Amino acid sequence: RKEVEQDPGPFNVPEGATVAFNCTYSNSASQSFFWYRQDCRKEPKLLMSVYSSGNEDGRFTAQLNRASQYISLLIRDSKLSDSATYLCVSSTGGGGNKLTFGTGTQLKVEL
Amino acid sequence: EPEVTQTPSHQVTQMGQEVILRCVPISNHLYFYWYRQILGQKVEFLVSFYNNEISEKSEIFDDQFSVERPDGSNFTLKIRSTKLEDSAMYFCASSLYQSQETQYFGPGTRLLVL
């Protein structure tokens, strides 16, 4: 079983739509969670950290359900510039603090 | 805004050759990482480094790989004898603290082994 699992998409949505991405993780020792964004052939860039209480940053809302080992990202009023691959990421913290990435969900926002 | 830089942006090498990938982490950061991404696949952790020592390494990071912080600013990844399957994008990252701390990624070095 993959440690971090995401639907690869692509999700093709019209501008202005609301889109939701889901992610599950298998390692119950995971402590921290993030959504990163990756544009084609570029480096991952942090979109937002995910907190147990849920958190919002402008049009983006992230939720974490530790009991279900489930993470979500909601994008409201999507824009053309949101087109990218969204990476669900977990970390167990600890000595190495390695990040474990999902394969990513591709989003294409169209006119 | 401070950023992680990496050189070269692209490197082509022959199988069996040694390559050194260079990174300059954000200046006040204390934790350094290498990740790789084979084309079309997910980003994979290679190694983390703190206080001049490897903190953690993955099973990908075998004896062919080594890391070094030769001075106060550079962080390097050496692949001793490259294989075709080492072809990938290699990302360096750094963070100020450890747990729950954002890791900032450099733009990557695209390595092609022929």
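The values are calculated or read from the model by the stated rules, or taken from the named source; none is laboratory data. None of these values were measured; they are calculated from a predicted model. Positions of Cβ are backbone-derived with ideal geometry, glycine not excepted, and every protein chain shown enters the neighbour counts.
Side notes on the structure shown:
- Of all residues in segment B:17-42, those being in contact with a Ser or Thr (Cβ under 9 Å, 6 or more places away or on another chain) and either facing chain A (nearest Cβ under 9 Å) or within 24 Å of B:S81 (Cβ to Cβ) (or both) number 15.
- Restricting attention to segment A:6-16, the residues that are modelled with pLDDT of 95 or more and exposed (fewer than 15 other Cβ atoms within 10 Å of the Cβ) add up to 4.
- Checking the stated criteria, A:K108 turns out not to satisfy the condition of being of a type in the set (K, R), out of contact with any Ser or Thr (no Cβ under 9 Å at 6 or more places or on another chain) and in contact (Cβ under 8 Å) with a residue 60 or more places away in the chain.
- Condition check for A:S30: in a loop (DSSP other than H, G, I, E, B), in contact with a strand residue (DSSP E or B) (Cβ under 8 Å, 6 or more places away or on another chain), of a type in the set (G, A, S) and surrounded by 13 or more Cβ atoms within 10 Å (Cβ to Cβ): yes
- Within this structure, A:E5 fails the test of being over 30 Å from B:I60 (Cα atoms) and in a strand (DSSP E or B).
- In the set (1) within 26 Å of A:D39 (Cβ to Cβ); (2) more than 8 Å from every other protein chain (Cβ to nearest Cβ); (3) of a type in the set (S, T, N, Q), B:T102 fails one condition alone, (2).
- Here the strands (runs of 3 or more DSSP E) wholly within segment B:11-54 that include at least 2 residues being without any contact (Cβ under 8 Å) to a residue 24 or more places away in the chain are B:43-50.
- Listed by first and then second residue, the pairs linking a residue in segment A:43-54 that is closer than 18 Å to B:Y33 by Cβ to a residue that is among the small types (G, A, S), with Cβ atoms under 6 Å apart and 6 or more places separating them unless they lie on different chains, are A:E43/B:G108.
- Residue list for segment A:60-93, filter: over 16 Å from the mean Cα position of the chain (by Cα) and in contact (Cβ under 8 Å) with a residue 60 or more places away in the chain: A:D77, A:K79, A:L80, A:T92, A:G93
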